[in-house]
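A short worksheet on the structure shown next.
The values are calculated or read from the model by the stated rules, or taken from the named source; none is laboratory data. None of the values given here were measured: they were computed from a predicted structure. Here the Cβ positions follow ideal geometry from the backbone for every residue, glycine too, while neighbour counts run over all protein chains shown.
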Amino acid sequence: MDHPRFVHPDAIGQPSTRIDGPAKVSGAARYTADFMLPGMLYAVPVCATIAHGRITGLDAEAARAMPGVHAVLHRGNRPSLYRAASGSIDEARPPLDDDTIRYYGQYVAVVAADTLEQAQAAARAVRVSYEAQAPDVSPPADEDTPNIESQRGDAATAYAQAPVQVDEVYTTPVETHNSMELHACVAEYDGQSYTLYETSQGVVNHRDVMAQMLGVGKESVRVISHYLGSGFGGKLWPWPHSLLAAVAARQLGRPVKLVISRAMTFHSAGHRPHTRQRMRLGATRDGKLVSLRHHYLSQASQLDKYRERCGEATPRMYSTPNLQVGWGLARRHVGAPTSMRGPGAVPGMYALESAMDELAVALQMDPVELRLRNEPEHDEGNGLPFSSRHLRECLRQGAERFGWQRRQPGLGAMRQGDTVLGWGVASCSWLALRMPTDARVTLYADGSARLDCATQDIGTGTYTVLAQLVSAETGIALDRIQVGLGDTQLPPGPVSGGSAATASVVPAALQATREAARAARRLAAQPGGPYAGKPDQELSMHAGRVRLSADRADAGVPLGRVLAAAGVASVSGEGHGDSGGALKQQYSINSYGAHFVEVTWHPATARLRVSRVVTVIDGGRIINPRTGRNQIEGAIVMGVGMAMLEHTHYDSRSGAPVNSNLADYIVATHADAPRLDVSFLDYPDYIWNEAGARGIGEIGLAGIAAAITNAVYHATGVRVRDLPVRIEDLL
Ligand code: MOS
């Protein structure tokens, strides 16, 4: 294929350390809650203590009279807020919009005071009376799945005739995004415009939605999010507390800081909804799938649209002439669910890859072999060729690295003293996404460069990857390249979500860099410049120097001298990338991978550990293998949490999430981390962009829970179909 290649590709594929690392470890990096503005007030929301019903009275008199209190905003006195007609927000209803309570913890008022403690005390003093009804926070159960999202052949008939059948139900619980950094907003209003320091994975969407809901033009809102203590999807779209902070700032004419508590995170800032998935697989005796049905229910809130698209990856994963994916919603009295790392495919592949393992058991076939036998040659879901798919190689290479050929298939057959080893495997996939992106690159007379783009770095390495792209084009060293992100005053960029940021910024960043470099070459070729009289097409940039392309690599004039000769301080260029929509019409573009998991089971003490994971990812070209590997390793550890620990419990009487703190909601930590061996195939996907990069933020979490429960089955003979695995399941 004839694709443009980098002039100086040296920086691509380098395992560079994070350029934002020094700012983070020295404390110079300011996160949202670090911003302290003169005259700033502290806001604390008042949360409903019922999950279903109506407010019948709200008495804020005592709270308002408390020391330091400036306002108590509630439905009775709240300044106007509007609905957003465009953009993304999961809880579309503006806060304090009516007297109906639809989930526990719904904000019913907000207090602003001089200090945090005063605001907290006053929030507790607001008296709210309710007419309560019994909430329903039960898992999805008997709802229908009438909506068909993918279909081919006749799955029901083929299943009925299949000699080998698997028909099982898998459930995943509510999981809550527990970023280390709490959601926060520091809102400032100057009488005309808002400046919102925000924990946002998408400052541009945040600005657009906030502007509409506040009733001003988007030029009147600036959103800043320079650093994030991760987000996992929980910070993709605005949440009601941001609006409360902004209206309080508007009403009071003072900056307002609102940091929600960990408990509020559990009810008012999204979660991955409970899913219930019925998988029906039919196969021939030699392990060829003939029918695959995936019908799922996604728990939903009372008003909102979000559904967990569990069937997203199902149609493309395996070759089968007959398939059906259907879905339904189960509305409950819970807050709005939202995207959580790998939305859809992560719970979906737990079910699919568990069912594949059950099919392998039924066939008495090696589960790797079963997957290899059902590898499709093209995307049978949409009929398109794959841009680049190397799942077979992920499985083979992973098996090799893991030592899979030594696996003894019998249950509990592999022992080490009094410990039983279980070995499990699962495939994974995540779709490639791109979003429209603008970028600007500036080259300075001191030989340094800067790239600006209103995307974000949520801890994943975006600052570094962007600097690498500029470096690749110009040969300017990474430590001379600054990157500006997370500010709506910069050229609009994509959300840090959907594993889309890197693939989105590649075209824009490279084009902007080339435009800036071209401007430098023109200066070099103009009268008085070092290459006066030469056609600027004969010049190129390398190692931060402008030179004649025909000259030796170390020849040329440093960029700074070129600019100085022209008497300019800097040159810049703009670049743009689109959503890749036209490419998606022609190709099925996705990443793939395989996880091999070892668990150790000690029956005498009922101790279960994930001891070892080998993961091979086909994610296109990996621009930075160090931050890239870190993404996958982090996802695997998160997968240990998904498989074994994470579960938001709701009290069926009050509707409250009861384990709404980090002591009771257990996430995997270092002590839970297995030995990790993560590698990349590193096949560039040049169809998707000229760097060949696809995206790796989410795929590592897909499939891992199934690989773990498949290993648990191998060790114990117990098939866990309801996450997380509980020790009592194994006894
Ligand atoms: Mo991801 S759930 O798109 O941040």
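Contact annotation: residue pairs with Cβ atoms under 6 Å, 6 or more positions apart or on different chains, pairing a residue in region 481-500 that is away from the ligand (no atom under 16 Å from the Cβ) with a partner that is of a type in the set (D, E), are G484/D452; L490/D452; P491/D438; P492/D438. Here the condition is being free of Cβ contacts under 8 Å to residues at least 24 places away in the same chain, in a helix (DSSP H, G or I) and of a type outside the set (V, I, T); of A671, A564, A663, A635, it holds for A671 alone. Here M180 fulfils each of the conditions (1) in contact (Cβ under 8 Å) with a residue 60 or more places away in the chain; (2) within 24 Å of the chain's Cα centre (by Cα) apart from (1). Within region 425-440, can one find any residue that is assigned to a helix (DSSP H, G or I) and away from the ligand (no atom under 16 Å from the Cβ)? Checked against the condition, which is being assigned to a helix (DSSP H, G or I) and away from the ligand (no atom under 16 Å from the Cβ), region 425-440 yields no hits at all. Can E131 be described as in a strand (DSSP E or B) and under 19 Å from A656 (Cβ atoms)? In short, yes. Reported count of residues in region 658-684, each being crowded, with 19+ Cβ neighbours inside 10 Å and either basic (K, R) or within 21 Å of the chain's Cα centre (by Cα) (or both), is 4.
Taking Y350, is it within 16 Å of the ligand (Cβ to nearest atom), among the aromatic types (F, W, Y), at pLDDT 95 or above and in a helix (DSSP H, G or I)? Yes. A count restricted to region 374-409 and to residues that are among the aromatic types (F, W, Y) and farther than 22 Å from A715 by Cβ stands at 1.
Yes/no per residue for (1) under 24 Å from S261 (Cβ atoms); (2) not in a strand (DSSP E or B):
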| position | (1), (2) |
| --- | --- |
| R54 | no, no |
| G57 | no, no |
| P67 | yes, yes |
| A71 | yes, no |
| A85 | no, yes |
| S88 | no, yes |
| R93 | yes, yes |
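Residues in region 450-480 that are more than 13 Å from the ligand (Cβ to nearest atom), under 25 Å from the mean Cα position of the chain (by Cα) and in a loop (DSSP other than H, G, I, E, B): C453, G461. Only one of the listed residues (Y650, Y587, Y592) is surrounded by 15 or more Cβ atoms within 10 Å (Cβ to Cβ), among the aromatic types (F, W, Y) and in contact with an Asp or Glu (Cβ under 6 Å, 6 or more places away or on another chain). That residue is Y592.
Among the strands (runs of 3 or more DSSP E) confined to region 234-310, the ones with at least 1 residues that are out of contact with any Cys (no Cβ under 7 Å at 6 or more places or on another chain) and over 30 Å from E375 (Cβ atoms) are located at 256-259, 289-300. Consider region 434-480. How many of its residues are surrounded by 24 or more Cβ atoms within 10 Å (Cβ to Cβ), of a type in the set (A, V, I, L, M) and under 25 Å from L563 (Cβ atoms)? Counting residues in region 434-480 that are surrounded by 24 or more Cβ atoms within 10 Å (Cβ to Cβ), of a type in the set (A, V, I, L, M) and under 25 Å from L563 (Cβ atoms) gives 10.
A single entry from R307, R272 fulfils the requirement of being within 16 Å of the ligand (Cβ to nearest atom), within 22 Å of the chain's Cα centre (by Cα), surrounded by fewer than 24 Cβ atoms within 10 Å (Cβ to Cβ) and over 29 Å from A23 (Cα atoms): R307. Report whether or not A512 is away from the ligand (no atom under 16 Å from the Cβ), among the aliphatic types (A, V, I, L, M), assigned by the TED database to the domain that holds V568 and surrounded by 24 or more Cβ atoms within 10 Å (Cβ to Cβ). Yes: the conditions hold for A512.
When region 190-203 is filtered for residues that are of a type in the set (S, T, Y) and surrounded by fewer than 24 Cβ atoms within 10 Å (Cβ to Cβ), the ones remaining, listed by number, are S193, Y194, T195. A604 falls short on exactly one of the conditions (1) over 30 Å from L411 (Cα atoms); (2) touching a residue at least 40 places away in the same chain (Cβ under 8 Å); (3) surrounded by fewer than 20 Cβ atoms within 10 Å (Cβ to Cβ), and that condition is (1).
So which of M180, M264 is within 16 Å of the ligand (Cβ to nearest atom) and surrounded by fewer than 24 Cβ atoms within 10 Å (Cβ to Cβ)?
M180
Exactly one residue out of V613, V640 is among the aliphatic types (A, V, I, L, M), within 28 Å of R415 (Cα to Cα), assigned to a strand (DSSP E or B) and in contact with a Pro (Cβ under 8 Å, 6 or more places away or on another chain): that is V613.
To keep it simple, each residue is scored yes or no on (1) hydroxyl-bearing (S, T, Y); (2) away from the ligand (no atom under 16 Å from the Cβ).
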site: E175; (1), (2): no, no
site: A187; (1), (2): no, yes
site: D190; (1), (2): no, yes
site: S200; (1), (2): yes, no
site: V223; (1), (2): no, yes
site: H226; (1), (2): no, yes
site: K235; (1), (2): no, no
site: P255; (1), (2): no, yes
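The set of residues in region 204-221 being touching a strand residue (DSSP E or B) at 6+ places or on another chain (Cβ under 9 Å) and either acidic (D, E) or away from the ligand (no atom under 14 Å from the Cβ) (or both) consists of V204, R207, D208, M210, A211, L214, V216, S220, V221. A Cβ distance below 7 Å, combined with a sequence gap of six or more or placement on separate chains, defines the contacts here; from region 143-157, residues that are under 13 Å from S291 (Cα atoms) and among the basic types (K, R) reach residues that are modelled with pLDDT of 95 or more and assigned to a strand (DSSP E or B) in the pairs R152/L323. Scanning region 149-162 for residues that are on the phi > 0 side of the Ramachandran plot and not hydrophobic (A, V, I, L, M, F, W, C) turns up at least one hit.
Can you find a residue that is touching a Ser or Thr at 6+ places or on another chain (Cβ under 9 Å) and either assigned by the TED database to the domain that holds Y444 or touching a residue at least 12 places away in the same chain (Cβ under 8 Å) (or both) anywhere in region 524-538?
Among the residues of region 524-538, at least one is touching a Ser or Thr at 6+ places or on another chain (Cβ under 9 Å) and either assigned by the TED database to the domain that holds Y444 or touching a residue at least 12 places away in the same chain (Cβ under 8 Å) (or both), which makes the answer yes.
Quick check on region 321-339: of everything there that is part of a loop (DSSP other than H, G, I, E, B) and more than 16 Å from the ligand (Cβ to nearest atom), which residue is farthest from H241 (Cα to Cα)? Per the stated criteria, the residue is P321.
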